[in-house]
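A short write-up of the structure that comes next.
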Amino acid sequence: MTGPRLPTARGEVSAGLLSALRDGELRRPPPGALDPYGDDLQLALYLLYELHYQGFEGVAEDLEWDPGLLALRRTLERRFLAALRADVPPHADAGQALAALLVEPVGPDDTSVSHYLRREGELWQLREYAVLRSLYHLKEADPHAWVIPRLRGRAKAAMVAVEFDEFGAGRADEIHARMFADLMGDLDLEPAYGHYLEQAPAEALATVNLMSLFGLHRALRGALVGHFATVEVTSPPDSRRLAAALRRTGAGAAAQRFYDEHVAADAVHEQVVRRDVVGGLLASEPHLEADVAFGVHATGFLEDRLGDRLLRTWRRRRSALRVPLPDGEGRRTS
Amino acid sequence: MANSPERPRRVTIDPDGPMLVEGPVEVVCADGTVATSRRFTAAICTCRRSRIYPWCDTSHRRRTDRDQGAT
Ligand SMILES: [Fe+2]
Ligand SMILES: [Fe+2]
């Protein structure tokens, strides 16, 4: 089994990092006016985080703890986090942040990707959606596992129970990441881990980098929990609409199964996460409440940016991908 | 053990949401059909609006016009 291949650079910083990953010599670029949400920073951060997950083909495994790379990661993380703290208004109330997500619109929501896909999504758009989401779903729940040693008591017991479910409750073929790979097979996409990194624009990378950032830093455990709660709370209605879109376009049984399972599973997960993970954490560490709220709002902020890009391009019947899919992939003629 | 007299199965009641029951659990529906969940906890619909009854699908959630704006 070979690891994912390194992608092409998207600017000075990612170019310098890529050459360091190949031959170990880090040329430190001046990350002066680097856009915190831009392709160069987000790709570089993504590559650095990926060393903690599955790594890359031809990249030495022990670079994960290379002090030079960690220093670069810290610089990029600080820039990303500072931008998020500036763009996400401060909220003190975690319960209120989550309560706002528990309300469903009466009619169609023009700003929601899942509403769009349910009503008018075509197979090529569902494929692009799967391509972009594959960066997370093929490592689904992995970034959240890092928070486990940072939790105690009720929050820990509940977090582990939900993660156990995400990881297939003891059965490899029910690991959610595996179920997503099966969905990709139904859509004639390549289900190999990290295969579509090249296609993912900065908006998509940022949503995954956020989880890795929160997961890898104990100091951000409150934000990680807020992020996880947001994912679980918003998932059931979104998943129902995505399952309907896949059913309508005849995508296939495995494609529907991933989202059908997430309607039922996340209706349970959201209860357990709100009650016991968030509730348990804040009972033992009440000072983390603003961080939990920050995690909720930062997740919504980056999801909205990705949603804007998808809807803006799709409504003009353009691809939302950064570069087209390789020939023969995802181009089943209909 | 998951369901012994020393460790009885826990059922959690929430007036605004589903009933949470430690799994695995079988639900015998009014028409005699049996639904089974192996999940560590099952959320059983109490609002009767679920499309995957007897399991919760979050259909109990409050609905608002976007302009009324839930904040
Ligand atoms: Fe999942
Ligand atoms: Fe979940």
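The values are calculated or read from the model by the stated rules, or taken from the named source; none is laboratory data. As the structure is a prediction and not an experimental result, all values here were calculated from the model. Ideal geometry is used to build each Cβ from the backbone, glycine not excepted, and the neighbour counts take in all protein chains shown.
Criterion first (under 21 Å from A:Leu132 (Cα atoms), among the hydrophobic types (A, V, I, L, M, F, W, C), in a loop (DSSP other than H, G, I, E, B) and in contact with a helix residue (DSSP H, G or I) (Cβ under 6 Å, 6 or more places away or on another chain)) does A:Ala44 satisfy it? Here the answer is no, as A:Ala44 does not meet what is asked.
Quick check, is A:Pro89 without any contact (Cβ under 8 Å) to a residue 24 or more places away in the chain and assigned to a loop (DSSP other than H, G, I, E, B)? Can you show your working first?
Numbers: without any contact (Cβ under 8 Å) to a residue 24 or more places away in the chain: no; assigned to a loop (DSSP other than H, G, I, E, B): yes.
Considered against the rule, which asks whether it is without any contact (Cβ under 8 Å) to a residue 24 or more places away in the chain and assigned to a loop (DSSP other than H, G, I, E, B), A:Pro89 comes out as no.
Considering the stretch A:275-324, the residues that are within 20 Å of the chain's Cα centre (by Cα) and aromatic (Phe, Trp, Tyr) include one that is nearest to A:Asp87 (Cα to Cα), namely A:Phe301.
Residues of the stretch A:253-264 being touching a strand residue (DSSP E or B) at 6+ places or on another chain (Cβ under 9 Å) and either more than 14 Å from chain B (Cβ to nearest Cβ) or surrounded by fewer than 24 Cβ atoms within 10 Å (Cβ to Cβ) (or both), which ones? Please lay out each step first, then the result.
Initial filter on the stretch A:253-264 (touching a strand residue (DSSP E or B) at 6+ places or on another chain (Cβ under 9 Å)): A:263-264.
A:Ala264 - this is the single residue of the stretch A:253-264 that is touching a strand residue (DSSP E or B) at 6+ places or on another chain (Cβ under 9 Å) and either more than 14 Å from chain B (Cβ to nearest Cβ) or surrounded by fewer than 24 Cβ atoms within 10 Å (Cβ to Cβ) (or both).
For the stretch A:224-248, taking the residues that are farther than 19 Å from A:Val162 by Cβ and away from ligand 1 (no atom under 14 Å from the Cβ), the one that is surrounded by the most Cβ atoms within 10 Å (Cβ to Cβ) is identified as A:Leu246.
Please enumerate the residues belonging to the stretch B:39-59 that are at the interface with chain A (Cβ under 7 Å from one of its Cβ atoms) and under 16 Å from B:Val25 (Cα atoms). Outline the logic, then answer.
Within the stretch B:39-59, the subset at the interface with chain A (Cβ under 7 Å from one of its Cβ atoms) is B:39-43, B:52, B:55-58.
Result: B:Arg39, B:Phe40, B:Thr41, B:Ala42, B:Ala43, B:Ile52, B:Trp55, B:Cys56.
Looking at the stretch A:232-252, which of the residues that are of a type in the set (A, V, I, L, M, F, W, C) and within 14 Å of chain B (Cβ to nearest Cβ) is farthest from ligand 2 (Cβ to nearest atom)? That would be A:Ala244.
Name the single residue, out of those in the stretch A:139-154 being in a helix (DSSP H, G or I) and more than 16 Å from ligand 1 (Cβ to nearest atom), that is surrounded by the fewest Cβ atoms within 10 Å (Cβ to Cβ). I'd like the intermediate steps shown before the answer.
So in the stretch A:139-154, the residues in a helix (DSSP H, G or I) come out as A:142-145, A:148-150, A:153-154.
Narrowing further to those that are more than 16 Å from ligand 1 (Cβ to nearest atom): A:148-150, A:153-154.
Details: A:Ile148: 13, A:Pro149: 10, A:Arg150: 20, A:Gly153: 12, A:Arg154: 16.
It comes out as A:Pro149.
Could you tell me whether the stretch A:215-223 includes any residue that is more than 14 Å from chain B (Cβ to nearest Cβ), touching a residue at least 40 places away in the same chain (Cβ under 8 Å), within 16 Å of ligand 2 (Cβ to nearest atom) and buried (at least 19 other Cβ atoms within 10 Å of the Cβ)? Within the stretch A:215-223, one or more residues are more than 14 Å from chain B (Cβ to nearest Cβ), touching a residue at least 40 places away in the same chain (Cβ under 8 Å), within 16 Å of ligand 2 (Cβ to nearest atom) and buried (at least 19 other Cβ atoms within 10 Å of the Cβ). Would you call A:Arg240 in contact (Cβ under 8 Å) with a residue 60 or more places away in the chain and assigned to a helix (DSSP H, G or I)? Here the answer is no, as A:Arg240 does not meet what is asked. Looking only at the stretch A:286-297, decide whether some residue is over 30 Å from B:Asp57 (Cβ atoms), in contact with a helix residue (DSSP H, G or I) (Cβ under 7 Å, 6 or more places away or on another chain) and either of a type outside the set (D, E, K, R) or surrounded by fewer than 20 Cβ atoms within 10 Å (Cβ to Cβ) (or both). Yes, the stretch A:286-297 has at least one match. Look at (1) over 26 Å from A:Arg322 (Cα atoms); (2) within 14 Å of chain B (Cβ to nearest Cβ); (3) touching a residue at least 12 places away in the same chain (Cβ under 8 Å); (4) of a type outside the set (Gly, Ala, Ser) and you find that A:Thr111 fails only one, number (1).
Take the residues of the stretch A:163-189 that are acidic (Asp, Glu) and under 13 Å from A:Arg127 (Cβ atoms): which is nearest to ligand 1 (Cβ to nearest atom)?
Kept after step one, since they are acidic (Asp, Glu), are these residues of the stretch A:163-189: A:163, A:165-166, A:173-174, A:182, A:186, A:188.
From what is left, the residues that are under 13 Å from A:Arg127 (Cβ atoms) are A:186, A:188.
Numbers: A:Asp186: 17, A:Asp188: 23 Å.
Among residues in the stretch A:163-189 that are acidic (Asp, Glu) and under 13 Å from A:Arg127 (Cβ atoms), the one nearest to ligand 1 (Cβ to nearest atom) is A:Asp186.
Number of residues in the stretch B:14-38 that are within 12 Å of chain A (Cβ to nearest Cβ), part of a loop (DSSP other than H, G, I, E, B) and without any contact (Cβ under 8 Å) to a residue 24 or more places away in the chain: the value is 4.
To keep it simple, each residue is scored yes or no on (1) at pLDDT below 95; (2) small (Gly, Ala, Ser); (3) surrounded by 12 or more Cβ atoms within 10 Å (Cβ to Cβ).
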{"residue": "B:Ser4", "(1), (2), (3)": "yes, yes, no"}
{"residue": "B:Asp16", "(1), (2), (3)": "yes, no, no"}
{"residue": "B:Gly32", "(1), (2), (3)": "no, yes, no"}
{"residue": "B:Cys56", "(1), (2), (3)": "no, no, yes"}
{"residue": "B:Ser59", "(1), (2), (3)": "no, yes, yes"}
{"residue": "B:Thr64", "(1), (2), (3)": "yes, no, yes"}
{"residue": "B:Gln68", "(1), (2), (3)": "yes, no, no"}
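When A:Tyr136 is evaluated against the numbered criteria (1) farther than 23 Å from A:Pro36 by Cβ; (2) in a helix (DSSP H, G or I); (3) within 15 Å of ligand 2 (Cβ to nearest atom), which criterion, by number, is the only one it fails? With respect to (1) farther than 23 Å from A:Pro36 by Cβ; (2) in a helix (DSSP H, G or I); (3) within 15 Å of ligand 2 (Cβ to nearest atom), A:Tyr136 is out only on (1).
Taking the numbered list (1) hydrophobic (A, V, I, L, M, F, W, C); (2) within 16 Å of ligand 2 (Cβ to nearest atom); (3) at pLDDT below 95 in turn, A:Ala255 passes all entries but (2). Just one of the listed residues (A:Arg133, A:Arg119) is modelled with pLDDT of 95 or more, more than 21 Å from the chain's Cα centre (by Cα) and not acidic (Asp, Glu), and it is A:Arg119.
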